[in-house]
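The values are calculated or read from the model by the stated rules, or taken from the named source; none is laboratory data. Keep in mind that what you see is a predicted model, and the values were worked out from it rather than measured. Cβ placement follows ideal geometry from the backbone for every residue including glycine, while neighbour counts extend to all protein chains displayed.
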Amino acid sequence: MHTIAIIGAMTEEVALIAKSLNDVEHDTGASLDVSRGTLTAASGETIAVVATVGGMGLVNAAATTQRLIDGYRPDAVIFTGIAGNLNPNLHVNDVVLGGTLRYLDTDMRLVGQWKPGTEAEPVTEFHSDDHLLAIAGEALNDMGITHITGIIATGNYFVEGDELTRKVVHDTGADAVEMEGAAVAHVAARNDVPALVIRALSDNADTEYEVFREFDISEYADTAARLAIDIVKRL
Ligand code: ADE
């Protein structure tokens with residue numbers, strides 16, 4: 001049986017997935033509550049799914065990804081959630097698939113000294129798996145959702161305001177900014193597990209965090225989660 005691990009940072013990002021699983025059981029440990037259940041693929045195959053809220057930021061994302069890989073040996077890891085939009089051609093509730101994921105607050109000259117990558121050829125970015133990107137693209141077309149496969153920048157802080165937004169775009173060329181995707185793709189790459197980062201746009205990176213916190217992000221979180229479920233069913 002295939003196993004897919006699905007991670008979100010916030011409760012809203014995983015709620016719909018946990019609700020959609022059949023025969024759910026819970027595993028706890030390492031500060032995680034993992035919903036373990038199944039989905040039935042269009043082919044009729046039963047797919048095992050483990051889904052959890054990992055918490056915000058790079059360390060939570062990395063620790064959660066490694067925990068799910070070690071504990072469940074998934075065939076793929078999908079990150080689902082929301083992001084700030086940096087692309088003037090996109091709008092709130094459109095989707096950016098993380099074709100390329102770049103850190104925005106790590107000096108990658110240092111990271112490049114370690115595996116994967118060498119000092120001569122530092123790893124400065126990570127990528128979602130091509131096959132998963134293709135399936136996601138088909139699902140998004142069928143769902144009628146505007147989307148691109150683009151660059152996602154990941155950092156340990158919320159991006160708000162013109163100055164910071166310009167700096168992030170200058171440093172990374174990103175279409176969207178969030179706080180986990182590159183770490184998930186990085187850990188998945190170290191383990192040779194295909195990864196996919198899905199982000200529904202929740203804001204234009206122009207909203208103060210204090211204001212953003214009051215937003216109901218469920219609609220956008222559900223857009224990404226619906227896509228994650230649809231992808232699993234197409235596997
Ligand atoms: N997640 C959603 N919006 C974000 C933003 N503006 N910055 C960082 N992470 C986000």
Exactly one of (1) within 15 Å of the chain's Cα centre (by Cα); (2) surrounded by fewer than 19 Cβ atoms within 10 Å (Cβ to Cβ); (3) hydrophobic (A, V, I, L, M, F, W, C) is unmet by Met179. Its number? (2)
Residues of the stretch 203-224 being within 13 Å of the ligand (Cβ to nearest atom), assigned to a helix (DSSP H, G or I) and in contact with a helix residue (DSSP H, G or I) (Cβ under 6 Å, 6 or more places away or on another chain), in sequence order, are Ala221
Subset of the stretch 65-75 (residues that are part of a helix (DSSP H, G or I) and either in contact (Cβ under 8 Å) with a residue 60 or more places away in the chain or small (Gly, Ala, Ser) (or both)): Thr65, Gln66, Leu68, Ile69, Gly71, Tyr72
Cβ-Cβ under 8 Å, sequence separation 6+ or interchain: first residue in the stretch 157-184 and on the phi > 0 side of the Ramachandran plot, partner away from the ligand (no atom under 12 Å from the Cβ) and not in a loop (DSSP other than H, G, I, E, B). Which pairs? Gly173/Arg102; Gly173/Ile151
Could you grab me the full set of residues in the stretch 138-155 that are surrounded by fewer than 17 Cβ atoms within 10 Å (Cβ to Cβ) and of a type outside the set (Gly, Ala, Ser)? Glu138, Asn141, Asp142, Met143, Ile145, Thr146
Filter the stretch 165-202 for residues that are outside any loop (DSSP other than H, G, I, E, B) and either within 9 Å of the ligand (Cβ to nearest atom) or among the hydroxyl-bearing types (Ser, Thr, Tyr) (or both) and give the result. Thr165, Val168, Thr172, Ala176, Val177, Glu178, Arg199, Leu201, Ser202
Would you please list the contacts, defined by Cβ atoms under 9 Å and residues six or more apart or on different chains, that run from a residue in the stretch 192-220 that is farther than 21 Å from Ile135 by Cβ to a residue that is near the ligand (Cβ under 8 Å from one of its atoms) and modelled with pLDDT under 90? Ser202/Phe212; Asp203/Phe212; Phe215/Thr207
What is the residue count in the stretch 119-142 for residues that are in contact with a strand residue (DSSP E or B) (Cβ under 7 Å, 6 or more places away or on another chain), among the aliphatic types (A, V, I, L, M) and not in a helix (DSSP H, G or I)? 0
Considering (1) among the polar types (S, T, N, Q); (2) crowded, with 18+ Cβ neighbours inside 10 Å; (3) within 16 Å of the ligand (Cβ to nearest atom), say which one Asn93 fails and leave the rest. (2)
Per the filter on the stretch 1-55, residues within 24 Å of Ala83 (Cβ to Cβ), in contact with a helix residue (DSSP H, G or I) (Cβ under 6 Å, 6 or more places away or on another chain) and without any contact (Cβ under 8 Å) to a residue 40 or more places away in the chain are Ser35
Quick one: which residue in Val232, Val159 is more than 13 Å from Gly84 (Cα to Cα) and of a type in the set (Val, Ile, Thr)? Val232
Do the conditions hold for Gly98, that is, is it outside any helix (DSSP H, G or I), touching a helix residue (DSSP H, G or I) at 6+ places or on another chain (Cβ under 6 Å) and at pLDDT 95 or above? yes
Considering the stretch 143-163 alone, what residues qualify as being among the aliphatic types (A, V, I, L, M) and not in a strand (DSSP E or B)? Met143, Ile145, Val159
When the stretch 65-80 is examined, which residues are found to be within 13 Å of the ligand (Cβ to nearest atom) and either at positive phi or among the hydroxyl-bearing types (Ser, Thr, Tyr) (or both)? Thr80
